[in-house]
Amino acid sequence: MKIEEIKRRVDELINLAGQVLTTRSRNMENCVLPESFYEFRSSSLSFINNTFGKDHPFYKEFDKTVHEIYIAHVEKGRGILKAVKQEIDGGWIFTVKGLVSAEIFSDFLEMSEYLLKEGHGYKDASAVMIGSVLEEHLRQLCNKNSIPVEITKDGKPVPKKADLLNSELGAADIYNKLDQKSITSWLDLRNKAAHGKYTEYTKEQVELMYQGVSNFISRTT
(Lines give C-alpha, C1' and ligand atoms only; values in the text may rest on other atoms or scores of the structure.)
Protein backbone atom coordinates (compact mmCIF):
# COMPACT_ATOMS: atom_id res chain seq x y z
CA MET A 1 0.00 0.00 0.00
CA LYS A 2 1.42 3.37 -1.04
CA ILE A 3 0.90 6.64 0.81
CA GLU A 4 -1.59 7.88 -1.78
CA GLU A 5 -3.59 4.70 -1.22
CA ILE A 6 -3.52 5.31 2.53
CA LYS A 7 -4.85 8.83 1.99
CA ARG A 8 -7.57 7.48 -0.28
CA ARG A 9 -8.54 4.86 2.30
CA VAL A 10 -8.97 7.37 5.12
CA ASP A 11 -11.17 9.46 2.82
CA GLU A 12 -13.26 6.37 2.12
CA LEU A 13 -13.73 5.74 5.85
CA ILE A 14 -14.74 9.36 6.47
CA ASN A 15 -17.31 9.02 3.69
CA LEU A 16 -18.45 5.69 5.15
CA ALA A 17 -19.16 7.47 8.45
CA GLY A 18 -21.41 9.87 6.57
CA GLN A 19 -23.25 6.97 4.97
CA VAL A 20 -23.71 5.24 8.32
CA LEU A 21 -25.19 8.44 9.76
CA THR A 22 -27.94 8.34 7.15
CA THR A 23 -29.18 4.99 8.50
CA ARG A 24 -31.58 4.84 11.41
CA SER A 25 -32.59 2.02 13.72
CA ARG A 26 -36.35 1.44 13.82
CA ASN A 27 -36.24 0.19 17.38
CA MET A 28 -33.92 2.69 19.06
CA GLU A 29 -33.96 6.47 18.88
CA ASN A 30 -30.70 8.29 18.03
CA CYS A 31 -29.14 5.05 16.80
CA VAL A 32 -27.85 3.86 13.46
CA LEU A 33 -28.25 0.40 11.96
CA PRO A 34 -26.01 -2.09 13.81
CA GLU A 35 -24.70 -3.74 10.64
CA SER A 36 -23.57 -0.41 9.18
CA PHE A 37 -22.07 0.69 12.50
CA TYR A 38 -19.96 -2.40 12.99
CA GLU A 39 -18.71 -2.30 9.41
CA PHE A 40 -17.55 1.27 10.07
CA ARG A 41 -16.02 0.45 13.46
CA SER A 42 -14.14 -2.68 12.38
CA SER A 43 -12.86 -1.14 9.12
CA SER A 44 -11.65 1.99 10.91
CA LEU A 45 -9.91 0.13 13.73
CA SER A 46 -8.19 -2.16 11.23
CA PHE A 47 -6.96 0.83 9.23
CA ILE A 48 -5.69 2.74 12.28
CA ASN A 49 -3.99 -0.37 13.67
CA ASN A 50 -2.23 -1.14 10.38
CA THR A 51 -1.12 2.46 9.95
CA PHE A 52 -0.26 3.60 13.47
CA GLY A 53 -0.44 0.53 15.74
CA LYS A 54 -2.65 -0.32 18.71
CA ASP A 55 -0.58 1.79 21.13
CA HIS A 56 -1.20 5.01 19.23
CA PRO A 57 -3.66 7.49 20.82
CA PHE A 58 -5.79 7.42 17.64
CA TYR A 59 -6.46 3.70 18.04
CA LYS A 60 -7.09 3.88 21.78
CA GLU A 61 -9.42 6.87 21.46
CA PHE A 62 -11.42 5.32 18.62
CA ASP A 63 -11.73 1.97 20.39
CA LYS A 64 -12.85 3.67 23.61
CA THR A 65 -15.34 6.20 22.20
CA VAL A 66 -16.81 4.42 19.17
CA HIS A 67 -18.28 1.27 20.70
CA GLU A 68 -22.07 1.60 20.54
CA ILE A 69 -24.54 2.25 17.72
CA TYR A 70 -25.44 5.78 18.86
CA ILE A 71 -25.27 8.57 16.29
CA ALA A 72 -22.93 10.49 18.59
CA HIS A 73 -20.43 7.61 18.56
CA VAL A 74 -20.28 7.61 14.76
CA GLU A 75 -19.80 11.39 14.75
CA LYS A 76 -16.93 11.05 17.23
CA GLY A 77 -15.39 8.35 15.05
CA ARG A 78 -15.59 10.58 12.00
CA GLY A 79 -13.87 13.34 13.96
CA ILE A 80 -11.02 11.02 14.92
CA LEU A 81 -10.62 9.94 11.30
CA LYS A 82 -10.43 13.57 10.23
CA ALA A 83 -7.60 14.04 12.74
CA VAL A 84 -5.92 10.95 11.28
CA LYS A 85 -6.23 12.49 7.82
CA GLN A 86 -4.56 15.71 9.00
CA GLU A 87 -1.74 13.67 10.55
CA ILE A 88 -1.14 11.78 7.31
CA ASP A 89 -1.49 14.81 5.03
CA GLY A 90 0.95 16.73 7.21
CA GLY A 91 3.61 14.03 6.95
CA TRP A 92 3.56 13.22 10.69
CA ILE A 93 3.24 9.50 10.24
CA PHE A 94 6.34 7.73 11.47
CA THR A 95 5.16 4.24 12.29
CA VAL A 96 5.64 1.97 9.30
CA LYS A 97 3.90 -1.02 10.88
CA GLY A 98 2.30 -3.00 8.10
CA LEU A 99 3.77 -0.84 5.34
CA VAL A 100 6.46 -3.21 4.19
CA SER A 101 6.79 -2.79 0.44
CA ALA A 102 9.74 -1.15 -1.27
CA GLU A 103 7.30 1.41 -2.67
CA ILE A 104 6.25 2.61 0.76
CA PHE A 105 9.89 2.87 1.86
CA SER A 106 10.54 5.02 -1.18
CA ASP A 107 7.55 7.24 -0.39
CA PHE A 108 8.65 7.76 3.21
CA LEU A 109 12.20 8.56 2.17
CA GLU A 110 10.97 10.99 -0.45
CA MET A 111 8.81 12.65 2.19
CA SER A 112 11.79 12.98 4.53
CA GLU A 113 13.85 14.48 1.69
CA TYR A 114 11.07 16.99 1.07
CA LEU A 115 11.03 17.95 4.76
CA LEU A 116 14.78 18.50 4.70
CA LYS A 117 14.45 20.83 1.73
CA GLU A 118 11.84 22.82 3.64
CA GLY A 119 14.50 24.00 6.07
CA HIS A 120 16.13 23.44 9.46
CA GLY A 121 12.77 23.38 11.26
CA TYR A 122 11.96 19.99 9.75
CA LYS A 123 15.25 18.18 10.27
CA ASP A 124 13.96 16.52 13.44
CA ALA A 125 10.80 15.07 11.85
CA SER A 126 12.89 13.92 8.91
CA ALA A 127 15.40 12.15 11.17
CA VAL A 128 12.65 10.25 12.99
CA MET A 129 11.03 9.25 9.71
CA ILE A 130 14.27 7.99 8.15
CA GLY A 131 15.10 6.07 11.32
CA SER A 132 11.68 4.42 11.33
CA VAL A 133 12.14 3.24 7.75
CA LEU A 134 15.61 1.92 8.62
CA GLU A 135 14.34 -0.01 11.64
CA GLU A 136 11.54 -1.64 9.65
CA HIS A 137 14.04 -2.61 6.93
CA LEU A 138 16.23 -4.27 9.57
CA ARG A 139 13.22 -6.31 10.72
CA GLN A 140 12.56 -7.38 7.16
CA LEU A 141 16.17 -8.47 6.75
CA CYS A 142 15.87 -10.52 9.95
CA ASN A 143 12.69 -12.19 8.72
CA LYS A 144 14.31 -12.89 5.36
CA ASN A 145 17.29 -14.54 7.04
CA SER A 146 15.40 -16.44 9.77
CA ILE A 147 16.64 -14.23 12.60
CA PRO A 148 13.98 -13.82 15.33
CA VAL A 149 12.68 -10.26 15.71
CA GLU A 150 11.18 -10.85 19.17
CA ILE A 151 12.42 -11.94 22.58
CA THR A 152 10.41 -13.36 25.48
CA LYS A 153 10.14 -11.11 28.53
CA ASP A 154 8.01 -12.02 31.54
CA GLY A 155 6.44 -14.74 29.42
CA LYS A 156 5.39 -12.36 26.67
CA PRO A 157 6.90 -11.73 23.20
CA VAL A 158 8.57 -8.32 22.97
CA PRO A 159 10.03 -6.77 19.78
CA LYS A 160 13.81 -6.57 19.78
CA LYS A 161 15.32 -3.12 19.77
CA ALA A 162 16.84 -1.91 16.52
CA ASP A 163 20.38 -1.94 17.95
CA LEU A 164 20.06 -5.64 18.78
CA LEU A 165 18.71 -6.40 15.31
CA ASN A 166 21.69 -4.60 13.81
CA SER A 167 24.11 -6.53 16.00
CA GLU A 168 22.61 -9.91 15.10
CA LEU A 169 22.45 -9.11 11.38
CA GLY A 170 26.10 -8.07 11.47
CA ALA A 171 27.08 -11.22 13.35
CA ALA A 172 25.31 -13.29 10.70
CA ASP A 173 27.29 -11.50 7.95
CA ILE A 174 24.13 -10.22 6.30
CA TYR A 175 26.10 -7.01 5.72
CA ASN A 176 29.61 -5.89 6.53
CA LYS A 177 31.05 -4.21 9.63
CA LEU A 178 31.16 -0.81 7.96
CA ASP A 179 27.42 -0.99 7.32
CA GLN A 180 26.87 -2.12 10.89
CA LYS A 181 28.77 0.88 12.29
CA SER A 182 26.90 3.25 9.99
CA ILE A 183 23.56 1.83 11.13
CA THR A 184 24.58 2.30 14.76
CA SER A 185 25.26 5.99 14.13
CA TRP A 186 22.00 6.46 12.19
CA LEU A 187 19.97 4.85 14.95
CA ASP A 188 21.70 7.06 17.51
CA LEU A 189 20.77 10.16 15.52
CA ARG A 190 17.16 8.92 15.22
CA ASN A 191 16.98 8.37 18.98
CA LYS A 192 18.28 11.88 19.67
CA ALA A 193 15.59 13.32 17.42
CA ALA A 194 12.87 11.19 19.02
CA HIS A 195 13.91 12.27 22.54
CA GLY A 196 14.10 15.98 21.82
CA LYS A 197 17.90 16.34 21.75
CA TYR A 198 17.66 18.60 18.71
CA THR A 199 20.87 20.54 19.35
CA GLU A 200 23.08 17.42 19.33
CA TYR A 201 22.99 16.99 15.55
CA THR A 202 22.73 19.17 12.47
CA LYS A 203 20.58 19.32 9.35
CA GLU A 204 23.67 18.35 7.35
CA GLN A 205 24.06 15.17 9.40
CA VAL A 206 20.42 14.27 8.76
CA GLU A 207 21.01 14.81 5.03
CA LEU A 208 23.97 12.41 5.17
CA MET A 209 21.77 9.96 7.09
CA TYR A 210 19.15 10.17 4.35
CA GLN A 211 21.71 9.46 1.64
CA GLY A 212 23.27 6.60 3.59
CA VAL A 213 20.00 4.89 4.52
CA SER A 214 18.66 5.21 0.99
CA ASN A 215 21.80 3.62 -0.41
CA PHE A 216 21.81 0.87 2.23
CA ILE A 217 18.18 -0.10 1.55
CA SER A 218 18.69 -0.16 -2.21
CA ARG A 219 21.71 -2.48 -1.78
CA THR A 220 20.08 -4.87 0.65
CA THR A 221 16.48 -5.10 -0.56
Work out which GluC sites (Glu not before Pro) in the chain are exposed loop sites (DSSP not H, G, I, E or B, at most 15 other Cβ within 10 Å) and give the longest gap free of them.
-> 119-221
In the chain, what percent of the accessible surface is made up of carbon and sulfur (1.4 Å probe, ligands and nucleic acids excluded)?
-> 49 percent
Treating cross-link reach as a plain straight distance, find the lysines whose alpha-carbon is under 16 Å from the alpha-carbon of K117, omitting any fewer than eight places away in the same chain.
-> K203
Rounded to the nearest 500, what is the chain's calculated 222 nm mean residue ellipticity when only DSSP H runs of at least 4 contribute -39500 (n - 2.57) each, over all residues?
-> -22500 deg cm²/dmol
Between E61 and V149, how many nm apart are label points set 7 Å from Cα along the C-beta direction?
-> 2.8 nm
Relative to the longest principal axis of the chain, what angle (0 to 90°, nearest 10) does the C-alpha long axis of helix 203-220 take?
-> 90 degrees
Round to the nearest 0.05 the FRET efficiency obtained for D163 and Y198 when R0 = 22 Å and r is the Cβ-Cβ distance.
-> 0.55
For the chain, count all C-alpha to C-alpha pairs, find those more than 22 Å apart, and express that count as a whole percent of the total.
-> 58 percent
By the C-alpha gyration tensor axes a ≥ b ≥ c (rounded if a/c is under 1.5, else prolate when a/b exceeds b/c, else oblate), the shape of region 158-221 is oblate
Counting only protein heavy atoms and rolling a 1.4 Å probe, one gets per residue an accessible area for the chain in Å² of 55 Å²
Using alpha carbons only, how many degrees (0 to 90, rounded to 10) separate the axis of helix 177-194 from the longest principal axis of the chain?
-> 40 degrees
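The values are calculated or read from the model by the stated rules, or taken from the named source; none is laboratory data. Everything numeric in this text was worked out from a predicted model, so none of it was measured. Ideal geometry is used to build each Cβ from the backbone, glycine not excepted, and the neighbour counts take in all protein chains shown. Ligands, DNA and RNA are excluded from the accessible area calculation, which covers all protein heavy atoms including side chains. Shrake-Rupley method; radii C 1.70, N 1.55, O 1.52, S 1.80 Å.
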